[in-house]
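Chemist: Questions regarding the structure given below will be posed in turn.
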Amino acid sequence: MAKPDIFDEIIECLKTQALVSPDTYVSPEVRREFYTDIVKPPPVRQTPTRPAVPPGGYARFAAQASPVSAPDVPAAPPVAASSGKRPREMTWDELYDAVAVCRGCKLCRTRTNTVFGDGDPKAQLMFLGEAPGADEDLQGLPFVGRAGELLTRMINAMQFNRAEVFIANTVKCRPPNNRNPEPDETAACRPFIMRQIGLIHPKVIVMLGAVPLRLLFPEITAGITRTRGNWMDYHGVKVMPTFHPAYLLRNPAAKADVWKDLQQVMAVFGKKHVPLRRR
């Protein structure tokens, strides 16, 4: 029988982090590896594809999608779309195409690819990050770099896989030098994000970092450190703010706090802790 991969054991370790006791053995090797960053080879430049959808394609999904729509956003820049529709009126297909040709802010000048999002467009669980990085810009997919590796492990620890959730960013193009998005850039992408949320209509959104917090709740002045771990409501959708995976790569000790936040999300979906096998 093949020896379990060390990262399989890490996932089991994460699932039971809150239950560690003298009766639950977690090897030092597993603990050490969990707090060690994954080193990935440079990504291969790819042409992005539309996120996978169930049989029937985007048109069928759009026709069956929830009618929930995002509120109007005054002062949002115009969106280039062949349909001539505003984002809040678009189907999933039309929204994807509008993002691909958007020139609503200066980020369009330096991008390689737009990053629409990835996952199940009917997902009950959505993750909203900050902005694409270098790897994401090359591949046209969200969270594929080092922070993406950690996010995948977090999702797996919650007893989901990436294909079951939907992952997106606050802005659809990479800011130069991986800086935070500027207000005019988030304003340009806001209608796209609002429509994605309206079409998907998830049960829970996990906000990763301060940028999506400011996007969805501009009236809140407290930062992510004070708001994380506290349930919020966005037009009937439960929202859990927590730290961004990139922050966890710089501050591994904060992983314990994030795990507490994610356990609250797991409880909404009836997910139970799975204890490690005893050795």
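Chemist: List pairs: first residue in segment 89-102 and without any contact (Cβ under 8 Å) to a residue 60 or more places away in the chain, second residue in a loop (DSSP other than H, G, I, E, B) and buried (at least 18 other Cβ atoms within 10 Å of the Cβ) anywhere in the structure, Cβ distance under 7 angstrom, at least six positions apart or on different chains.
Modeler: That search, which allows pairs on different chains as well, returns Glu94/Ala81; Tyr96/Phe116; Asp97/Ala81; Ala100/Thr114.
Results for (1) closer than 30 Å to Thr110 by Cα; (2) surrounded by fewer than 22 Cβ atoms within 10 Å (Cβ to Cβ); (3) in the same structural domain as Cys105 (by TED's automatic domain parsing), shown as yes or no for each residue.
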| site | (1), (2), (3) |
| --- | --- |
| Leu138 | yes, yes, yes |
| Val144 | yes, no, yes |
| Gln159 | no, yes, yes |
| Thr170 | yes, no, yes |
| Pro183 | yes, yes, yes |
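Chemist: Just one of (1) surrounded by 19 or more Cβ atoms within 10 Å (Cβ to Cβ); (2) under 18 Å from Thr152 (Cβ atoms) trips up Val239, so point out which.
Modeler: (2)
Chemist: Does Val171 count as of a type outside the set (Phe, Trp, Tyr), under 18 Å from Ala246 (Cβ atoms) and in a strand (DSSP E or B)?
Modeler: Values: of a type outside the set (Phe, Trp, Tyr): yes; under 18 Å from Ala246 (Cβ atoms): yes; in a strand (DSSP E or B): no.
Against the criterion (of a type outside the set (Phe, Trp, Tyr), under 18 Å from Ala246 (Cβ atoms) and in a strand (DSSP E or B)), Val171 does not qualify.
Chemist: With in the same structural domain as Leu128 (by TED's automatic domain parsing), crowded, with 21+ Cβ neighbours inside 10 Å, among the basic types (Lys, Arg) and over 15 Å from the mean Cα position of the chain (by Cα) as the only criterion, which of Arg190, Arg179 stands out? Quick ask: steps written out before the conclusion?
Modeler: On the way: Arg179 fails: crowded, with 21+ Cβ neighbours inside 10 Å.
Result: Arg190 is the single residue among Arg190, Arg179 that is in the same structural domain as Leu128 (by TED's automatic domain parsing), crowded, with 21+ Cβ neighbours inside 10 Å, among the basic types (Lys, Arg) and over 15 Å from the mean Cα position of the chain (by Cα).
Chemist: How do the pairs read when you match residues in segment 108-119 that are buried (at least 16 other Cβ atoms within 10 Å of the Cβ) with residues anywhere that are modelled with pLDDT of 95 or more and hydroxyl-bearing (Ser, Thr, Tyr), using Cβ under 6 Å and keeping only pairs 6 or more apart or on different chains?
Modeler: Going by the 6 Å Cβ cut-off, the qualifying pairs are Phe116/Tyr96.
Chemist: Here's another thing I want to ask about it. Restricting attention to segment 193-221, and to residues there that are of a type outside the set (Asp, Glu) and over 22 Å from Leu262 (Cβ atoms), which single residue is surrounded by the fewest Cβ atoms within 10 Å (Cβ to Cβ)? Break it down into steps so the answer makes sense when it comes.
Modeler: Pass one, segment 193-221, residues of a type outside the set (Asp, Glu): 193-218, 220-221.
Retained after the next criterion (residues that are over 22 Å from Leu262 (Cβ atoms)): 194-195, 198-199, 218, 221.
On the way: Met194: 22, Arg195: 23, Gly198: 21, Leu199: 23, Pro218: 11, Thr221: 9.
So the residue we want is Thr221.
Chemist: Please go through (1) farther than 23 Å from Pro87 by Cβ; (2) surrounded by fewer than 23 Cβ atoms within 10 Å (Cβ to Cβ); (3) among the β-branched types (Val, Ile, Thr); (4) within 15 Å of the chain's Cα centre (by Cα) for Val165 and return the number of the only condition it doesn't satisfy.
Modeler: So the condition that Val165 fails would be (1).
Chemist: Can Val144 be described as under 24 Å from His235 (Cα atoms) and assigned to a loop (DSSP other than H, G, I, E, B)? Lay out the reasoning, then the answer.
Modeler: Details: under 24 Å from His235 (Cα atoms): no; assigned to a loop (DSSP other than H, G, I, E, B): yes.
When the stated conditions are applied, Val144 does not pass them.
The values are calculated or read from the model by the stated rules, or taken from the named source; none is laboratory data. Owing to the predicted nature of the structure, the values given are computational and were not obtained by experimental measurement. Note that we place each Cβ from the backbone using ideal geometry, even for glycine, and neighbour counts take in every protein chain shown.
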